[in-house]
Structures are given as structure tokens and as C-alpha cells.
1. Determine whether the stretch 13-21 contains at least one residue that is among the aromatic types (Phe, Trp, Tyr), at negative phi and part of a helix (DSSP H, G or I).
2. If you scan the stretch 154-194, which residues turn out to be without any contact (Cβ under 8 Å) to a residue 24 or more places away in the chain and either aliphatic (A, V, I, L, M) or crowded, with 22+ Cβ neighbours inside 10 Å (or both)?
3. Tell me which residues, restricted to the stretch 23-79, are touching a Pro at 6+ places or on another chain (Cβ under 7 Å) and surrounded by 13 or more Cβ atoms within 10 Å (Cβ to Cβ).
4. With the condition kept exactly as written, say whether any residue in the stretch 202-215 is surrounded by 22 or more Cβ atoms within 10 Å (Cβ to Cβ), polar (S, T, N, Q) and either outside the structural domain of residue 94 (by TED's automatic domain parsing) or over 26 Å from residue 10 (Cα atoms) (or both).
5. Which condition number does residue 236 fail, the rest of (1) more than 25 Å from residue 186 (Cβ to Cβ); (2) at pLDDT below 95 being met?
6. Please count how many residues of the stretch 65-97 are of a type in the set (A, V, I, L, M) and either at pLDDT 95 or above or in contact with a His (Cβ under 9 Å, 6 or more places away or on another chain) (or both).
7. From the list 111, 145, which residue is farther than 29 Å from residue 235 by Cα and among the basic types (Lys, Arg)?
8. Looking only at residues in the stretch 191-215 that are out of contact with any strand residue (DSSP E or B) (no Cβ under 7 Å at 6 or more places or on another chain) and of a type in the set (D, E, K, R), which one is nearest to residue 163 (Cα to Cα)?
Amino acid sequence: MPKRALITGITGQDGSYLAEHLLGEGYEVIGMVRRSSTVTFERIAHIQDRISTVQGDLLDQASMIDLLRTWKPQEVYNLAAQSFVQTSFGQPVLTGDVTGLGVTRLLDAVRIADPGIRFYQASSSEMFGKVVEVPQSETTPFYPRSPYGVAKLYGHWITVNYRESYDLHASSGILFNHESPRRGLEFVTRKITNTVAKIKLGKANELRLGNLEAERDWGFAGDYVKAMWLMLQQDSPDDYVVATGETHSVRKFCQIAFGHVGLNYEDYVVIDEAFYRPAEVDLLIGTPAKSEAKLGWKPEVGFEDLVTMMVDADLALLEGRLSGLH
């Protein structure tokens, strides 16, 4: 019998790449989706006939208990969240309920339905926030600077608590920024590459951004989901930083993206204070030493290749050469 895995947030960027990876490993994949009048399946449209989608909600514990008892997965990957940092300032209570307490509901559902399930929690580098050391590792103190970061920190610590209290095989991946052509347009990386493509095709004439000096450790989402899977294949649960060990500024991202289509970013980028955060995170850079040593994981796609891949995909999308977010 093939292994069965449940993915919350399967319609998102990470969920779609993880579903592809698990299918490649021979898994039966179940995707939990919220009941909605407009569920978006564009990221998984190409594999939708190979997975089962079921309704459930991180705000409703009973639905998750029923789901676990019905489908009996061996592994659960919790990727669902209100995951946009800027939105978390405008919707802090919802962010806390979904991104923080939602983890508790799902962990408790695992404890009740089948404590033998292996559980993965998507933690975030935003938990480091106002960093106290560079680079950041699994032992770096946390100092979140947004409601999203605070909610993720709650989710992280409740995962540790359930692991230690109930002997669950529950691991957290502290993932640094990971991008792809499937990233949502509200995120700065995809906003940049999509607008670059529009400008190149004569469909836009400027790109409005906030802090160009903010630095991030950017990797490829398709690489990072492999680390998630590897964590649940270990004999013992643990927490791991997943990162490239390199940092680049938003300005550098713009330089490469515009340069790839033969344009100078300075001719098109407009600084707009509306895109500054109330509390900024200036520098994030992780050390993947533990993930490399214990999981045997290393990122494969470099920073420049990631940026140009995203620009090329947006050009193809806008020119009608690409259907959906592949």
C-alpha cells in the first residue's frame, strides 16, 4: 500500500510543489481545502486528477478530526495559513486564529485521531524578525516584527509542546523566503517579475515598491518542499532551518529582473511609502548547516536563476504561452 499524506494549503505555492514531490515518491495525496465560492485550483490543475481534495478548515477542529479518521494519512503537512505579512497588520486577529491557533487545532486533531501520524509544521524566518544574530540558526532567539511572525511563532512553539507532551513525531521547518513562478502576485518577488514582464510587453510603465534595502535569503520553493518531506522520514522529530545561506536586497532582485529583459530598473521603480511595513524586518539570512548534515538537503536553484526563471514564466504567461501557474 502506498503511503498517504494530507496537505493543508495544497492550492498554495508550497502545497502544489509538495504534492508533485509526494506523487513522485509514490504517495497517495489528499489535499484539504476550505469551503469557498471561489476555490482556486490553478496551481494544482495539472495534477488534480491524481490527488483527492477534501473540505476542512483550520478554524474548525471537528472537521479535521473527521478528515483524519476518514482518510487515515500517515503524514500531515500543515502549510495552510494567512501567509501575507502585510495583510497580517490589517487582519491581526484572523491571522492569529488561522496561522497560530489553527496549528493547535490540527495538532490536537492528530492527538485525538491518531498520535502515530507524522506531522510537519511550516514555520517561518519571519519569527526571527529583528534579528539578534547573523546568520540565523535553529538556536537563534526569536523576535517577530509582525502579527504574522508572532502567529507563526505560536504555531512553532505549540508544535514543540505537543511533541514533548504527547510524544508526537512533529517537526517544524523554519523556512526562509522561497519563491517561484507560482508565488502570489501580492508578494514582492512576484510583483517585481510580473511587472517587469508587463513593462517589457508595453502593458505597464512603472513598478511601485517600498523598502529596496530590505535583504532576504531567497530560494526556490521546489527545492524547499523536499526538505519538508525529508524531515518526516527521520527516526526522530526535530526543527530545521531551510535556507540558502545567502542574502540579497530587493534592489538586487530588481536589478537582475529588469536586466534580464534588457532594462534598467532605475528607469521604472518608484518608491511608495504605502508599501513600507509598520515594523520592518531589514535582514534575514539563514544557515542550512543542520539540514545539510542531518537531512542531506541542499538548495539546487541559485538566486539569479530563480529571478530569471520567474521573469521568463511571467513573460510566457502574459504572452499566452503558459496556461496556469506551472
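The values are calculated or read from the model by the stated rules, or taken from the named source; none is laboratory data. Since the structure is predicted, the reported quantities are computational estimates derived from the model, not experimental observations. Here the Cβ is made from the backbone with ideal geometry for all residues, glycine too, and neighbour counts use every protein chain on show.
1. Yes, the stretch 13-21 has at least one match.
2. Correct list: 185 only.
3. Residues satisfying the conditions are 27, 28, 30.
4. No, there is no match, as no residue in the stretch 202-215 is surrounded by 22 or more Cβ atoms within 10 Å (Cβ to Cβ), polar (S, T, N, Q) and either outside the structural domain of residue 94 (by TED's automatic domain parsing) or over 26 Å from residue 10 (Cα atoms) (or both).
5. (2)
6. Final tally of qualifying residues: 5.
7. 145
8. My answer is 191.
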